[in-house]
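What follows is one structure encoded as structure tokens, with my remarks underneath.
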Amino acid sequence: MALEVFYSYSHKDEPLRDKLEKQLSLLRRTGLIVNWHDRRIGAGQEWRAQIDAHVRTAHIILLLISADFIESDYCYDVEMRLALERQAKHEAVVIPVILRPVDWSYAPFADLQALPRDGRPITKWADEDEAFADVARSIREVVARFEPSAPVARPDPGLLVDRLVPKPRVVDAAIPSHVVKDLGTRLLVLIRLPDSPGLRGVLQMEEDEARPEDVRSRPFNITFPLGPTGKPDPLKVTVKLTSPDFSPPEQAKNIFVPPDADSDVCPFMLTPKQIGRLTVLVELHWQDAIRGHRSLATKCVAEATDVPIQPEMNIVQMHVPVGIDALSQRSPSLPTPAEPGCAKRLEAPTSKLKRDISSGEQDELPINGVPEQVKTGPIGKIEPTLTKLKREHGSGEQDEQASQRNEKTPYKRSRDLSSTVYKYIGHSRSRLFAVTIIVGTAVALFSRWVVPAIINLLK
């Protein structure tokens, strides 16, 4: 039975891979091996499914090591990881072939015997053909003694295609709408499911400079690699920032995107260096290519005081008396419930007032400062009636008034004074403003001249 040889390599090393394949032509012609690499994928085939199927069933896996191989996410994170897992289960033989100089001494495959001899890179040999011939001889020895522990069943590529269908995802990115020059700020990135609140939900629950309305989103498709069990594994995505107006101008971080959940929030610290409108470009990289991008804009100001702040609304509750009784109590000429003889003096005016309103009688007294349409309404009926009531019931018996004048306390005098001021000011804002100016001026003059004079006298 011919053994399948799988080539895991970077496309930049394709010329060296061709030379190695030529050196193994004799093994292929004798029916000992069958070569396979991604250039064998036919038109219209799903390349991920084909690579995944062959790396899971190959008997010998050649890792063609170079700096480009280690830098490639797919070669390093997908193909090499699956190969080493099968090596650990004794299902395949993994052979690192060092093509070009690179530090691989602490790589995951460092414990495996590498080719050519002594792990010397092929490009460092005086004759590359001699180096490839040495590799071919070693592979022929492996083929001769290869004994798989169990037959390997080749999975149906059609089933893998269903699991490798691109899945929709959305990238959320946010930066505060206003930033301060030379003051560090955070830019947040998150990859979420289409129906997830994502970064907006995070900002609603946590306090941050950025607000939910600062989040900008863009949809894209993502294909997750398959793990050893054939189920999708998390995908490592590199988030790269290009921000020439900030410091640092470029940053990059890796985040893992789960197949069935949102990624973690990826924060970046930026310091704006210019005033005005600034932009940041967010790019998503995996498998050596740009898979998505989103631009963010913000406004930079010189100081924190220049940042517009939305004022909070303060709600004040006030109890406003309404009705006939309230009008009676607010009238300074009518007695309050605390005064003597209040019940007798209020009973007749209130009853007469109610009868006048219900009968619709119109008083002939003029109402100063009230529009004509108001004079004919309920207020126009109430105000003249109150005027008549003041005339009829505003004064009581002479001896009772004298008694009240004699019994007035400072509190009652201040209350009468307040009633007089209230009656004078009324509801006119202009008068109230004038009184405020007069009182403020008096206080200022008192503080400026009278207080120093008193202090000098006391000294």
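The values are calculated or read from the model by the stated rules, or taken from the named source; none is laboratory data. Computed from a predicted structure; not experimentally measured. Cβ sites come from the backbone with ideal geometry, for glycine too, and all protein chains shown count toward neighbours.
Values for this structure:
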| item | result |
| --- | --- |
| All positions within the range 259-288 that are among the acidic types (Asp, Glu) and more than 17 Å from the chain's Cα centre (by Cα) | Asp260, Glu283, Asp288 |
| Lone qualifier among Ser295, Ser247 - being hydroxyl-bearing (Ser, Thr, Tyr) and over 18 Å from the mean Cα position of the chain (by Cα) | Ser247 |
| Hits in the range 97-135 - residues which are in a loop (DSSP other than H, G, I, E, B) and free of Cβ contacts under 8 Å to residues at least 12 places away in the same chain | Asp103, Ser105, Tyr106, Ala110, Asp111, Trp125, Ala126, Asp127 |
| Number of the exception - Asp52 against (1) surrounded by fewer than 17 Cβ atoms within 10 Å (Cβ to Cβ); (2) modelled with pLDDT under 90 | (1) |
| Qualifying positions in the range 277-295 - assigned to a strand (DSSP E or B), polar (S, T, N, Q) and modelled with pLDDT under 90 | Ser295 |
| Among the candidates Glu4, Glu21, residue that is surrounded by fewer than 22 Cβ atoms within 10 Å (Cβ to Cβ), acidic (Asp, Glu), at pLDDT 90 or above and part of a strand (DSSP E or B) | Glu4 |
| Total residues in the range 257-274, condition out of contact with any Asp or Glu (no Cβ under 8 Å at 6 or more places or on another chain) and exposed (fewer than 15 other Cβ atoms within 10 Å of the Cβ) | 5 |
| Count - residues of the range 254-271 that are assigned to a strand (DSSP E or B) and either under 15 Å from Pro234 (Cβ atoms) or polar (S, T, N, Q) (or both) | 6 |
| Breaking point among (1) assigned to a loop (DSSP other than H, G, I, E, B); (2) surrounded by 20 or more Cβ atoms within 10 Å (Cβ to Cβ), for Pro176 | (2) |
| Residue within the range 28-38 that is in contact with a Phe, Trp or Tyr (Cβ under 6 Å, 6 or more places away or on another chain) and assigned to a strand (DSSP E or B) present | yes |
| Any chance Tyr74 is in contact with an Asp or Glu (Cβ under 9 Å, 6 or more places away or on another chain) and either modelled with pLDDT under 90 or assigned to a loop (DSSP other than H, G, I, E, B) (or both) | yes |
| Failed criterion for Pro151 (all others in (1) assigned by TED's automatic domain parsing to the domain that holds Val257; (2) over 19 Å from the mean Cα position of the chain (by Cα); (3) at pLDDT below 90 hold) | (1) |
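Yes/no per residue for (1) at pLDDT 80 or above; (2) within 20 Å of Val282 (Cα to Cα); (3) under 10 Å from the mean Cα position of the chain (by Cα); (4) not in a loop (DSSP other than H, G, I, E, B):
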residue: Gly201; (1), (2), (3), (4): yes, no, yes, yes
residue: Arg218; (1), (2), (3), (4): yes, yes, no, yes
residue: Asn221; (1), (2), (3), (4): yes, yes, no, yes
residue: Pro228; (1), (2), (3), (4): no, no, no, no
residue: Lys236; (1), (2), (3), (4): yes, yes, no, yes
residue: Lys240; (1), (2), (3), (4): yes, yes, no, yes
